[in-house]
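**Student:** Pasting a structure below so you can have a look.
Every read-out reported here was derived from the displayed coordinates using simple, explicitly stated rules and does not represent laboratory data. Computed from a predicted model, the values in this text were never measured in an experiment. Cβ sites come from the backbone with ideal geometry, for glycine too, and all protein chains shown count toward neighbours.
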Amino acid sequence: MLVAATAPGDLGLVQTHLQAVQSMTASFTQTDRTGKVLNGTLTLKKPGKIRFQYEKGVPILVVSDGKSLWYLDYSVGQKQRYPIGNSPLGVLLNPMGDITKVARVVPGNDPRIISVDAADPKHPEYGRITLVFVRNAAAPAGLMLQGWVVLDAQNNRTTIRLTGQRFNAPVSDGTFRFNEPQRNSGPRK
């Protein structure tokens, strides 16, 4: 097997990309450990805001208001809150974060692709994230985020694939508000 060497500046390039992206919208496909596939729209705004708006008929919303990451299940009227810093997604949401302290480039077979594995070494219970970028001169810092794989503390794998990425367009803070889950309700449109 031939393995492409990672360029010495690849982690720095990823850092530059993450700092250059102040907002992003994209379509996403999420695949969980059982193979279940869900689609939706991702909206990200720094610092600390992200929204996974699932397709119609899926009563789930994942949203961060800048402080906490909320998992809302409208079918059972429940919500769970996690500090952003306790989530592998924190690496995407902190515009000034230094990923060199928590991340390493994963060697691969294709020199056009950069994969970066990130985890807090002091808190393995937070899980880990592997970000996948493709070199693209039209994207911020010459990299296009293609998606990521999250492994939680129980070793459950969730894969996110992105398409139609748009960077640094205005995003309203209202995008990251949500209705409290109650029986027979749905996410804020």
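**Student:** Highest first, please rank the peptides 40-47, 150-157 by the mean number of other Cβ atoms sitting within 10 Å of their residues. All intermediate terms of the calculation are to be shown ahead of the outcome.
**Tutor:** Details: 40-47: 19.1, 150-157: 12.6.
Averaged packing, sorted descending, gives the order 40-47, 150-157.
**Student:** With the crude spin-label approximation of a point 7 Å out along Cα→Cβ, what separation in nm comes out for Arg81 versus Asp32?
**Tutor:** Reported label-point gap for Arg81 and Asp32 is 2.4 nm.
**Student:** Additional query: Would you mind computing, in nm to one decimal, how far apart the modelled labels at Lys67 and Ala153 are, each placed 7 Å from Cα along Cα→Cβ?
**Tutor:** Modelled inter-label distance: 2.2 nm.
**Student:** One-quarter of the Cα convex hull surface for the chain, in nm²? Mind dumping the intermediate values first?
**Tutor:** Working: hull surface 44.6 nm².
For the chain, the mean projected area of the Cα convex hull comes to 11.1 nm².
**Student:** Grab the beta carbon distance between Arg166 and Thr100, set R0 = 25 Å, and tell me the FRET efficiency rounded to 0.05. The partial results should precede the final answer.
**Tutor:** On the way: r = 27 Å, r/R0 = 1.10.
Approximately 0.35, to the nearest 0.05.
**Student:** Note the angle between two axes, namely the Cα long axis of helix 10-20 and the longest principal axis of the Cα atoms of the chain, as a number of degrees from 0 to 90, rounded to the nearest 10.
**Tutor:** 40
**Student:** If you take every residue apart from Arg112 with its C-beta less than 14 Å away from the C-beta of Arg112, what net charge results, scoring Lys and Arg +1 and Asp and Glu -1? Can you show the working numbers first?
**Tutor:** On the way: positive: Arg135; negative: Asp10, Asp110.
Its environment carries a net charge of -1.
**Student:** Counting Lys and Arg as +1 and Asp and Glu as -1, what is the net charge of the other residues whose Cβ lies under 9 Å from the Cβ of Trp70? Could the numbers behind the result be given before it?
**Tutor:** Working: positive: Lys79, Arg81; negative: Asp65.
My count for the surroundings of Trp70 gives +1.
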